[in-house]
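**Q** Here it is: the structure, laid out below.
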Amino acid sequence: QGVNRGKNIRLTEETGRNWIMNKREWTDSQKEIINVLIDDFQYAYSQQTRIKKIIAKEVAQNKSMLSLYRIFGISKITAFALMAIIGDISRFQNPKKLVAYIGLNPNVKETGKKKLSSKMSKWGRKDIKSLLVEGAQSVLRYGNNSLASWGRKLHFRKDHNVAVIGIARKMIVASWYILRGFGTNMEEMDKTLKGKFTKLAVEIGKETRIVWGYLTIGDFIEDKMKNYVHSA
């Protein structure tokens, strides 16, 4: 009907429903359809919010998932998905095997005596691959670290997609080293890590934090930084 959502109008709130209803002289049938669509949207949003909170709780209590927070471009959803897909890291003898399993390895084609490498294999786990690529995009655009600098140099030499896949590949290699208990030079600085843990603390919710013994968000951040990052 050509109704553009106004600024600060949230369809997840009843004010959004009322705003739409007042934009036109809707027929009774149109009003019913609008209400059904908004009800579906609000239900989907509430379910998404619940699932995100469940994931946040799981990550906050899992040392392996929290250790992946040290990597540029990886936060709650990606850390959760990586551990769900990887399982026991000992299944992968080296980082190359993990890279190939996920599908971030170059796809090599042989033509006579020459080997040509395409940008990325078409095989692997598309679900986690898309999350890693999204994180790599963020590193390339907003990062102020060695990984972002490396990616931008690759971007100038090659192209944007090659740089993004290259960053994503480095992220998964770093994940292998961290999960195996080795260090990595791709670790987040404390300031950025505190930002990640602040978001996690908010998503968990005040009630759950208090039950776990954290009276403030600061207490939660301090514990995670001390016991799950610098000790890893």
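The values are calculated or read from the model by the stated rules, or taken from the named source; none is laboratory data. The model shown is predicted, which means the values in this text are computed figures rather than measured ones. As a convention, Cβ positions derive from the backbone with ideal geometry for all residues, glycine included, and neighbour counts pool all protein chains shown. When the accessible area is computed, the model is the full protein with side chains, heavy atoms only, and any ligands, DNA or RNA have been set aside. Shrake-Rupley method; radii C 1.70, N 1.55, O 1.52, S 1.80 Å.
**Q** Please enumerate the residues belonging to the range 1-36 that are surrounded by 13 or more Cβ atoms within 10 Å (Cβ to Cβ) and in a helix (DSSP H, G or I).
**A** Listed by number, the residues that qualify are G16, R17, W19, I20, M21, Q30, K31, I34, N35.
**Q** Can you tell me which of L215, L193 is at negative phi, open to solvent by less than 30 Å² (accessible area, probe 1.4 Å) and out of contact with any Pro (no Cβ under 7 Å at 6 or more places or on another chain)?
**A** Sole residue among the options that is at negative phi, open to solvent by less than 30 Å² (accessible area, probe 1.4 Å) and out of contact with any Pro (no Cβ under 7 Å at 6 or more places or on another chain): L193.
**Q** Given (1) at pLDDT below 85; (2) closer than 19 Å to K224 by Cβ; (3) not in a helix (DSSP H, G or I), where does T192 come up short, assuming only one miss?
**A** Unmet condition: (3).
**Q** In the range 167-182, what count of residues is obtained for those that are among the small types (G, A, S) and either over 17 Å from the mean Cα position of the chain (by Cα) or not in a helix (DSSP H, G or I) (or both)? Steps first, please.
**A** Restricting attention to the range 167-182, the residues satisfying the condition of being among the small types (G, A, S) are 168, 174-175, 181.
Add one more test, that the residue is either over 17 Å from the mean Cα position of the chain (by Cα) or not in a helix (DSSP H, G or I) (or both), and what stays is 181.
The number of residues fulfilling the criteria is 1.
**Q** Okay, next question. Among F220, F197, which is in contact with a helix residue (DSSP H, G or I) (Cβ under 7 Å, 6 or more places away or on another chain), in a helix (DSSP H, G or I), more than 21 Å from M83 (Cα to Cα) and of a type in the set (A, V, I, L, M, F, W, C)?
**A** F220
**Q** So, one more: Tell me whether the range 45-58 contains one or more residues that are within 30 Å of W176 (Cβ to Cβ), touching a helix residue (DSSP H, G or I) at 6+ places or on another chain (Cβ under 9 Å) and of a type in the set (A, V, I, L, M, F, W, C).
**A** yes
**Q** For the range 23-70, give me each residue that is of a type in the set (A, V, I, L, M), out of contact with any Phe, Trp or Tyr (no Cβ under 8 Å at 6 or more places or on another chain) and without any contact (Cβ under 8 Å) to a residue 24 or more places away in the chain.
**A** Once the filter is applied, which keeps residues that are of a type in the set (A, V, I, L, M), out of contact with any Phe, Trp or Tyr (no Cβ under 8 Å at 6 or more places or on another chain) and without any contact (Cβ under 8 Å) to a residue 24 or more places away in the chain, the range 23-70 yields I33, V36, L37, A44, I51, I54.
**Q** Exactly one of these conditions fails for G143: (1) open to solvent by 20 Å² or more (accessible area, probe 1.4 Å); (2) under 11 Å from F72 (Cβ atoms). Give me its number.
**A** (1)
**Q** Search the range 218-230 for residues that are within 19 Å of T184 (Cβ to Cβ) and pair each with any residue that is surrounded by fewer than 18 Cβ atoms within 10 Å (Cβ to Cβ) and at pLDDT below 85 when their beta-carbon atoms are under 9 Å apart and the residues are at least 6 apart or on different chains.
**A** M225/D190; V229/D190; H230/D190
**Q** Something else: Output the number of residues of the range 153-166 satisfying the condition of being open to solvent by less than 60 Å² (accessible area, probe 1.4 Å) and closer than 18 Å to K126 by Cβ.
**A** Counting residues in the range 153-166 that are open to solvent by less than 60 Å² (accessible area, probe 1.4 Å) and closer than 18 Å to K126 by Cβ gives 2.
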